[in-house]
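Peer 1: Dropping a structure here in structure tokens format, bear with me for questions.
Bear in mind these aren't lab numbers, they're just calculated from the coordinates by the rules spelled out. These numbers come from a predicted model, not from an experiment. Glycine gets a Cβ as well: all are built from the backbone with ideal geometry, and neighbour counts include every protein chain shown.
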Amino acid sequence: MNEFKLHDGSLYWPKTMSFFPTYPSLRERAMTQVAIVGGGMTGAICAATLAEADIPAVLVEEKRVACASTAANTGLIQYSSDIMLSELADRIGEKDAVAFYAHSYKAVNDLSLLAAAIPQDGGYRARASLYCASETGDATKLRREYEMLRRHGFAADWGSPAGVGPGFKARYPEALVTHGDAELNPVRFAHGLIAQAARSGVRVFEHTSVTSMRRRGDWFVLTCDGGEILAHTVVRATGYLPGVDGAAGSEPLLRRTFALATRPDSVPSEWRPDLMMWETARPYFYFRTTPDGRIIAGGLDEAMRDSADGGWTLQARTDKLLAELGALFPGRSFEAEYAWSGAFGESPDDLPFIGEHPEMPGLFHALGYGGNGTVYAMLAASMLVARLRGEIHPLAGLLRPRQVANQGAKDKPAIRKA
């Protein structure tokens, strides 16, 4: 796979940090029960969850923690997947689809518990999501989604609520609202989790690359730049890039998405800040707000390109995102103070890869492909703890690393929330 940038442009979230904790490089032999490879959002959530469970762990990051894809995350935390519950039910059966959605819903609540346990404010706020029919023909499938959600006990309301503005309702006359979602500041949240895990005994090492991995009896031996790690379990939390001995068929379809942050105090008075918005179009437009009155908007996903474009594409996509906002709030003018693009991956079957390598017990994959990466990271952490305790998680069979047919996948529409 060709090397590419995980993000480009000017990032907003790192600017919200006044101090960045630092960690040493590994220069010794470390022995532990669990080695986490990757210090982004997934590694942070796994480290914090293992610390709470009193399971010894070491986390290693090739560069700086929470500085890669995590810094380009837009922080929308939704239990609704990139594929609707009703469409997933058509594909894998209603029972499995509902179980996946139910555990995703639980994962959002589990994230709230992690947020409450860290001293610093990670920006976690409970929110509802306004899911809008982009075209008249989408209203039927959105109505079907609403009915299935309600039938299985998910809190949802039909129609746009009061307080979104007449221009918005004119653009999206059909919509549903789901409850139980959230938003967060991904950089502050990930740093807070890692710092808390470190205080609880997790050993954290930055600027530490894993150059090789082998089995030695019951141990994995990870050779690093300046030392080595011996662990009974290795967690691959490397996001969308090739990591330690990837599972067959688990490489993602690589995309890039675009996002912006407006200037402070630019949220229209007619918009309810406790709502996040997305739509049925693929790729979809979405937005959320921040405590200082910014709008974080994103979308316009496309396939990754190898060649640089000199910034023209980012500027063009930023202008389109601003135009989308302007169309929703007639008479309002928005300006982007920050604008960026970020790489992400999709699995061909729209589900994350979580679980043990099929041919290497003890190598645990925590790969949250798609737009719900933070939710899937929490799912992975829960499934990891269950496995270490000798339990079988209800989603273990559904999400295990698997060979997926890629036929036609290159023409699949790009989708992204966070």
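Peer 1: When the C-alpha atoms of the chain are aligned to their principal axes, what extent does each axis show, in angstrom, from largest down?
Peer 2: 65, 46, 42
Peer 1: What is the log10 of I(q)/I(0) for region 1-146, computed with the Debye formula using one identical point scatterer on each Cα and no solvent, at q = 0.10, 0.15, 0.17, 0.20 Å⁻¹?
Peer 2: Results for region 1-146 at q = 0.10, 0.15, 0.17, 0.20 Å⁻¹ read -0.52, -1.05, -1.21, -1.35.
Peer 1: Roughly how many Å is it from the Cα centre of region 1-80 to that of region 107-171, as a whole number?
Peer 2: Using only Cα atoms, the two centres lie 27 Å from each other.
Peer 1: Suppose we look only past 17 Å in the calculated P(r) of region 162-303. What percent of the Cα-Cα pairs does that tail hold? Please report the intermediate quantities before stating the final value.
Peer 2: Values: 7548 of 10011 pairs.
Summing the P(r) of region 162-303 above 17 Å gives 75 percent of all pairs.
Peer 1: Along the Cα→Cβ direction, 7 angstrom out, place labels at MET31 and THR16. What is the inter-label distance in nm?
Peer 2: With each label placed 7 Å out from Cα toward Cβ, I get 4.2 nm.
Peer 1: Still on this structure, please answer the following. Looking at the chain, how many pairs of lysines come closer than 27 Å at the Cα, when each pair is eight or more places apart or spans two chains?
Peer 2: The result is 26.
Peer 1: Rounded to the nearest 500 deg cm²/dmol, what is the calculated helix-only ellipticity per residue at 222 nm for the chain, with -39500 (n - 2.57) per DSSP H run of length n ≥ 4? If you can, show how the numbers build up before the last one.
Peer 2: Values: 10 runs with 119 residues, N = 418.
The per-residue figure over the chain is -9000 deg cm²/dmol.
Peer 1: Could I ask something else about it? Take the Cβ-Cβ distance between LEU230 and GLN315 as r, set R0 to 45 Å, and report the resulting FRET efficiency rounded to the nearest 0.05.
Peer 2: 0.40
Peer 1: Charges only on Cβ, +1 for Lys and Arg, -1 for Asp and Glu: so what's the dipole of the chain about the Cα centre, in debye to the nearest 20? Walk me through the intermediate numbers first.
Peer 2: On the way: 44 positive and 48 negative charges, 62 e Å.
That gives a dipole near 300 debye.
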